[in-house]
Amino acid sequence: MKTLLFLLEKEFRQISRSKQMIPLLLIAPVIQLILLPLAANYTVKNISIAVVDNDHSTFSQKLINKITASGYFKLTGYTASYNESLTLVEQDKADLTLQIPMNFEKDLVRENAAKVFIAINAIEGTKANLGGAYLSSIISDFNSDIRTNWPANPATAEAPQVTVSSANWYNPFMNYNLYIVPAILVTLVTAMAAMQSAFNIVQEKENGTIEQINVTPIKKHIFILGKLIPFMVLAIFLFTIGLFISWLFYGIVPVGNMITLYGSLVVYLFAMLGMGLLISTYSSTQQQAMSLSFFFINIFNMLSGVFNSVDSMPKWAQTIVETFPPSHFIKIMRMVVLKGSGFSDVSYHLIAMFIIGMALNTWAILNYRKTTG
């Protein structure tokens, strides 16, 4: 026990002497947590639309006004022909075009039906899909308004329709920040825990101090614990700052118990710090450790459900993602922050992270070679 305390004292002193580590560990993640949710936002707004109104009727003007008043679209062209509107798309001045045909209002009055044509610039797939879906939804809503306000005529009345009313649980206003901010906080903690723990032992190798430790009777598991615990404390501190920033800038307050959140964090850090230490045992230089860390962190960020759902991936990919600790902790974060889940609800993810952590830390201890002890 005394040996472990001496090692911890050494590590904390070493961290406090580093002039670059504290800003790197604390200031940079705070700036990223403030800026990244603003940039990594799949809520598409300010979609440029060009309109070709060949009808110039009251109904066509109402439809155009409804589209521009939605807040999602900005009218960048009011052209006389479809070819002119397509030119705006080719010049990247419009993302989609809406063509309202002649006799639009007349067809609605006489035939109870009218068609419009939508052309979407699909170069940017996400914006195209969402923009087309938004526009279709607005037109559908416009159609419902017409049906509601249309004078009833028993002779032409259509059959009754079923109206679906939906409710969004846990995120009723579909606030994208509630979805993305907890995941980004996980990625920042992941980067700090994995990279810094990987650099630590490698730095000892480069400075030559690892040889002095190797000839001491310190047990391997004690040495690994001495390297793991300080960065666990720093990661918990960073996580706490991240929760404060989430509340201050985005108004996010976890619905669930903080004990569940921090208890899950400790299990997660046990796994990720073990991974960082494992990387350090295979690396001879800090450059090698950085390359390996970036390789795994980039895979985690792309596949662990930060920006998209894991359930939409192929089965073989989902099986691989199950071995990623960040994928489990991201789910825990969203469950606790949004749903108020407790330990019983997240038990599967906790067990999975603990098993992964045991495997990684055991591997790191076995792979670390000492000359004695």
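The values are calculated or read from the model by the stated rules, or taken from the named source; none is laboratory data. Everything numeric here is computed off the predicted structure, so don't read it as measured data. Methodologically, a virtual Cβ is constructed for each residue, glycine included, from the backbone with ideal geometry; neighbour enumeration extends over all protein chains shown. Side chains included, ligands, DNA and RNA excluded: accessible areas come from the protein's heavy atoms. Shrake-Rupley method; radii C 1.70, N 1.55, O 1.52, S 1.80 Å.
Quick one: net charge of ALA114's neighbours, Cβ under 12 Å, K/R +1, D/E -1? With Lys, Arg at +1 and Asp, Glu at -1, the neighbours total -1. Summing charges over neighbours of ALA50, with a neighbour being any other residue whose Cβ is under 12 Å away from its Cβ, gives -3 when K and R count +1 and D and E count -1. Listed values for the range 184-193 are Karplus-derived 3J(HN,Hα) couplings in whole Hz (6.51 cos²θ - 1.76 cosθ + 1.60, θ = phi - 60°), namely 5, 4, 5, 5, 5, 5, 4, 4, 5, 5, and x replaces Gly and Pro.
Hey, could you grab the Kirkwood Rh for the range 234-373? Inverse mean 1/r over distinct alpha carbon pairs, Å, one decimal. Mind dumping the intermediate values first?
Working: mean 1/r = 0.0610 Å⁻¹.
Radius from the Kirkwood sum: 16.4 Å.
Applying a threshold of 28 Å to the alpha-carbon distances of LYS93/LYS115; LYS227/LYS339; LYS66/LYS339 flags LYS227/LYS339; LYS66/LYS339 as lying beyond it.
Based on the Cβ-Cβ distance of SER284 and LYS45, what FRET efficiency does E = 1/(1 + (r/R0)^6) give at R0 = 41 Å, to the nearest 0.05?
On the way: r = 49 Å, r/R0 = 1.20.
For R0 = 41 Å, the calculated efficiency reads 0.25.
Starting with the highest mean, order 311-317, 270-276 by the number of other Cβ atoms within 10 Å, averaged over the residues of each peptide.
In descending order of packing, they fall as 270-276, 311-317.
Distance between the modelled labels on LEU5 and ALA122, one decimal in nanometres: 6.9 nm (7 Å Cα→Cβ projection).
Between THR76 and TYR176, full extension at 0.36 nm per residue minus the direct alpha carbon distance yields a gain of 33.3 nm.
Would you tally the net charge around TYR176, using a Cβ to Cβ cut-off of less than 14 Å, leaving TYR176 out, and scoring K and R as +1, D and E as -1? Could you put the intermediate results ahead of the total?
Numbers: positive: LYS45, ARG334; negative: none.
Every neighbour counted, the sum reads +2.
Please work out the Cα center distance from the range 66-91 to the range 226-275, rounded to the nearest Å. Their Cα centres are 47 Å away from one another.
How big is D for the range 47-148, in µm² s⁻¹ as a whole number, if Stokes-Einstein is applied with the Kirkwood radius of its Cα pairs at 25 °C and 0.890 mPa s?
Details: Rh = 13.7 Å.
The Stokes-Einstein estimate is 179 µm²/s.
Of the beta bridges DSSP finds with both residues in the range 47-148, what % are antiparallel, to the nearest 5? If I count the DSSP bridges inside the range 47-148, around 25 percent turn out antiparallel. Residue separation of GLU84 and ILE241 scaled by 0.36 nm, minus their Cα-Cα distance, works out to 51.3 nm of gained length.
How do MET195, MET258, MET353 stack up against each other in accessible area, from largest to smallest, with a 1.4 angstrom probe?
Of MET195, MET258, MET353, the descending order of accessible area is MET258, MET195, MET353.
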